[in-house]
Each structure stands twice: as structure tokens, then as C-alpha cells.
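A quick write-up on the structure given underneath.
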Amino acid sequence: MSGWEPPAQGWPNYFKVESVAGCNLWCSFCGIHATGWPRNTVVGEMSLPLAKAIALHIRGMRSHPRIDLQIRGEPLMHSDLPGLIRTFRYFIPRASLMVATNGLLLTRDLGVALFKAGLTTLLVELYRPIREQVRALNLPAEEHDYPGDFSPWLYHTGRHIVYMPSIGEGSAGGLAQTRRLTNHAGNAVKGSGPLAAPLDSPCAHPFRELSIFYDGLVPLCCNDWREQAIIGRFPDDGALATIWRSACYSHARAFLRVGKRASLAPCDVCDVKTTRNGLLPRASTPDALALATCGLAAKEV
């Protein structure tokens, strides 16, 4: 379109909040292998006071946001996941709250408590054949199959259980063809591993999503399992809105807007591809010195 210009950077489209760091599984395709964390151990979990503060700040940016309560671990390992959900539901009544789980720790009592606390969507990853086990719990929610009849980001009301197909389902002896696995910014070292050469395509994640780890650290992207590209810490470095619009976030976006992934770590070894990159907001001119000052530059820059 003649004369069209990209919009200015707005608020995040959705938020990823890490309820737990650590997992009860040790899947080969997962970025957890790069962390050095022991299996079946909670390395850290988000406190309810921090969750309250985060909820209040998210509410200031979006009145009905999508919030995913998992990044680098199994949410059901949290000591009070219903309490965490209740906190976000209380302070952001119109939020879409989703928990993705491998389902192995799910019981009827816990499932009922999660939905009673205000959970919108329980997404069950079928890494193991537990569909019938979950159905037998008779939880108070509608059931859906993904991607057949459900898009998690479309549902802001009701209660839903979504079954994600096994990563091996439908494949002929390899990993899944039903959904595309990524290397978690090069952290899936026992899976596809880091890229040998950087992609030269834009990445939309830092323009559209805001991730917060269990201890308040704000990474450039949810795939930064080893905390290589930390933009700031909430609340130490100010409001979430301040961090989102900080100079360091802007410098990183400037490079990713034009596909210069080689300049940032861990973006230089990441294979994640995003869509609708042509609609990304405006960004400043890439500044290598500013990027290095922020501690975000790849080693060769």
C-alpha cells in the first residue's frame, strides 16, 4: 500500500509468566537440557506476592490479556498453582489464563481446584498416552482436540481442556509432523541443537510477547532458557511497561526487525520462525554499540 508505515510499538499481545522452573520429565527435544537443572526438581517457583504485582502491571497494559502460566517447567509442580491462578483471575477478571502440562501430576482434586480458581484452559501435552486417564477424572470443562477444533488464544471465557497431539503422532519413525518443534534458541541440545548459521529472517516474539521468569527476570524471549538476553528484572528495574519500552528492548528489536539475528545471542543459534513479520511495528536503526552496552550482542559482534 502506497504511503503505508508500520505502527509504533504497542503493548504486548500476550504474556508468558513462569510459574515453575523445573520439570518432572526430561524430554530430548526440550531446552531444559541446557540449564543444568536436575530432573524432577523445582529450581524455583513464582511467589503469590510477585504474581499479584505482575497482575496489576499487566492489567495496566491490557484489560483482557492472554496469559500463559508456563515457560521453563511443569506448572503442576508449583506448591500452590490454584492460588497463583486465583491471584491473576482476581486482579484481571477478563484474562484468558492457560496452563500447559504433561498431565502426569494431574488429579481430579487438583484439576477441579484449578478451574475453580479461574483457569480458562488446561492444555494437556500428550507426550505419554494419558488422554483416557485425564478424561476419567471427569473435570468440569469442555474438551477439545488441537488443532482440529480449538485455538487457545480465542477463548477468554468458560473452561476448556485441550489435548495436544503427541510429537510422534502421525510421523513415520521420526519426531512429529503434526507440529513443528523448535530448538528453543539453541537450548534443545539433545534435540535439533543450535543452528550452525544464523537465520536472516525477522523475529516477532520481542514485539508481541512479554515473558517474566519466576524470579522477576524479563528475558528478550521465552526461548531464552539460559538467561543470556535479560532485559531487566521486575520490579527492581521499574514497571513492566517501563521494561517493555526500555532502550535495551528497543535496540534488540531494531536488529530483529530487519532479520539481523547474527548480532544477538541466543538469537544467532535460534531456529524459531514467526509469521506476519511485515506487520511488525517500526524500530530504530540497528546500533551495534548500544546492543553491546546492553549485554545482548553475540560474541562475534
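The values are calculated or read from the model by the stated rules, or taken from the named source; none is laboratory data. A quick note: this is a predicted structure, and the numbers were derived from the prediction, not measured. Because the Cβ atoms are built from the backbone with ideal geometry, glycine has one as well, and the counts that use them run over all protein chains shown. Each accessible area value is taken on the protein alone, full model and side chains, heavy atoms only, with ligands, DNA and RNA left out. Shrake-Rupley method; radii C 1.70, N 1.55, O 1.52, S 1.80 Å.
Max-minus-min Cα coordinates of segment 1-103 on each principal axis give 53, 35, 21 Å, with the largest extent listed first. Taking only protein heavy atoms and a 1.4 Å probe, what accessible area per residue, in Å², does the chain have with all protein chains in place? Accessible surface, normalised per residue, equals 45 Å². For the residue pairs Lys190/Lys273; Lys16/Lys260; Lys16/Lys116; Lys116/Lys273, the alpha carbons lie more than 30 Å apart in Lys116/Lys273. Could you work out how far helix 108-117 tilts from the main Cα principal axis of the chain, as a 0 to 90 degree angle to the nearest 10? The helix 108-117 is inclined about 50 degrees to the chain. Taking His57, His64, His205 and ordering them by how much accessible surface each has at a 1.4 Å probe, largest first, produces His64, His57, His205.
A Cα-only calculation for the chain places Rg and Dmax at 19.1, 58 Å.
Label-to-label distance, Arg135 versus Cys27, with points set 7 angstrom from Cα along the beta-carbon direction: 2.1 nm. Of the residues Lys16, Lys116, ranked by 1.4 Å probe accessible area with the largest first, the sequence reads Lys116, Lys16. For segment 204-252, the Kirkwood estimate of hydrodynamic radius, built from reciprocal distances between every pair of different alpha carbons, is 10.6 Å.
The distance between label points at Ser47 and Ala241 comes to 2.5 nm (points 7 Å beyond Cα on the Cα→Cβ vector).
Of the DSSP beta bridges with both residues in the chain, give the percent that are antiparallel, rounding to the nearest 5. Looking only at bridges with both residues in the chain, the antiparallel portion is about 20 percent. Roughly speaking, what is the centre-to-centre gap between segment 227-254 and segment 115-144 when only Cα atoms are used, to the nearest Å? If we compute the Cα centre of each part, the gap is 35 Å. Distances between placed amide hydrogens fall under 5 Å for Cys23 paired with Asn40, Thr41, Glu74, all partners being 5 or more residues away or on another chain. Rounded to whole numbers, the Karplus 3J(HN,Hα) couplings from phi for segment 196-207 are 6, 9, x, 5, 10, 10, x, 10, 8, 3, x, 8 Hz, using 6.51 cos²θ - 1.76 cosθ + 1.60 with θ = phi - 60°, and x at Gly and Pro. For Tyr214, nonlocal amide neighbours, meaning residues 5 or more places apart or on other chains whose placed amide H falls under 5 Å from its own, are Glu18.
Helical runs assigned H by DSSP (4 residues or longer) give the chain a calculated mean residue ellipticity at 222 nm of -6000 deg cm²/dmol, each run adding -39500 (n - 2.57) before division by the residue total. Peptides 67-77, 286-296, ordered by how many other C-beta atoms sit within 10 Å of their residues on average, highest first, read 67-77, 286-296.
Extending 7 Å from Cα along the Cβ direction at Thr275 and again at Ser201 yields two label points whose distance is 1.2 nm. Each peptide in 244-251, 97-104 receives the mean, over its residues, of other Cβ atoms within 10 Å, and ordering these scores from highest gives 97-104, 244-251.
Which percent of the accessible heavy-atom area of the chain goes to carbon and sulfur, probe 1.4 angstrom? Ligands and nucleic acids excluded, carbon and sulfur reach 53 percent.
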